């Protein structure tokens, strides 16, 4: 259903029974569910309201039931406002090409509902044309269908922004989306819970752009699950430029150092982050400043569940617990001073490790779950003593995620290729002015 800047109504039905009515449109292209027309021997039913995004006017209610020989009532209208669907009020636009061919990300298969990282700078965007916090930014398909998006970072002074847009990606092809801005009356429609929804499998999404802190829940989960993390021995100044936006720099030479790590405990972590009822996919970007510890952890749910780490021989490994021994997929050593993308996929039979988008190793998996939480740069089971610590990572982290679905090789490769330095996945087109 097309809609204007605010909601509108449909006229009443006529005849012996009320015609079907749709709910009035709000500030989104999704109207309400149709009602049923009234019949001479029974009334019709009203339509449902439209979906309402965070800043939009509510869609009107559906048509009222039609009585005997009566008319179906009209759907009510939403209030008039420059809502997020009114792209005619946005002065500027720019196409962004997404390339999965061999010349781009080189991803052969489709990747549905993928959060694309849009990174803006003075080189590809004029921040003076947008509202101070990017409130007027919108994204759409080439046909004008709005796409869910979430602003992670918007710093107009530094001319830097990081935005996530959910797109159905076609493998081995090119497609384009459009960025719109330049509407001084528009309120923000940024919606992280829509981009990283539980329906899409997201259990925890950690951008790690917060100022260094040890506040309970101080490191926010951007997903709808709200599984927030808490810092341990973190300090002001740990926030640094990272792969997408900003990340956290941890000072843990020798696998201990300041014993800095970020983690969470409770049912959302102890149960949901495990394969007992569903497979998992877990990933993170990490840059190691040094490797001199016995073990150094990337992300982990503990030795009795699963962990990704540098092992005692300097190799990269992911391990899970059989009940009597550790089953580990082992590959080459991590490179000092270089960003590496780590991703694992685990079900009750197999645990697979991907490094920089490529399958590196796999091993047998089991349905074992220790009673402990999840952490970045720390093995929760090994030693939770905040003063002693153990197995911490010395370096920078960004974009740690846990999902309740087993992602395939196309997803693993696209996460690396679309977010790496020097990525060829996106090409920003020229700005068009209305």
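Every read-out reported here was derived from the displayed coordinates using simple, explicitly stated rules and does not represent laboratory data. Because the structure is predicted, anything quoted here is derived from the model rather than measured. Backbone-built Cβ (ideal geometry, glycine too); neighbour counts: all protein chains shown.
Annotations
- Across the alpha-carbon atoms of the range 288-379, the computed radius of gyration and Dmax are 12.4, 36 angstrom.
- When 350, 297 are sorted by how many other C-beta atoms sit within 10 angstrom of their C-beta, beginning with the fewest, the order is 350, 297.
- All alpha carbon pair distances within the range 121-275 were sorted into 5 Å bins beginning at 0; the resulting P(r) in whole percents reads 2, 8, 14, 17, 18, 16, 11, 8, 5, 1, 0.
- Normalised by 2.2 N^0.38 Å, where N counts its residues, the alpha-carbon radius of gyration of the range 187-280 equals 1.19.
- Mean projected area of the convex hull spanned by the Cα atoms of the range 224-268, taken over all viewing directions: 4.4 nm².
- Approximating the spin labels as points 7 Å out from Cα along Cα→Cβ, the residue 176-to-residue 348 distance works out to 4.9 nm.
- Here the residues 96, 396, ranked from fewest to most Cβ neighbours within 10 Å of their Cβ, fall in the order 96, 396.
- Computed over the range 202-404, the ratio Rg/Rh where both radii use C-alpha atoms and Rh is Kirkwood: 0.92
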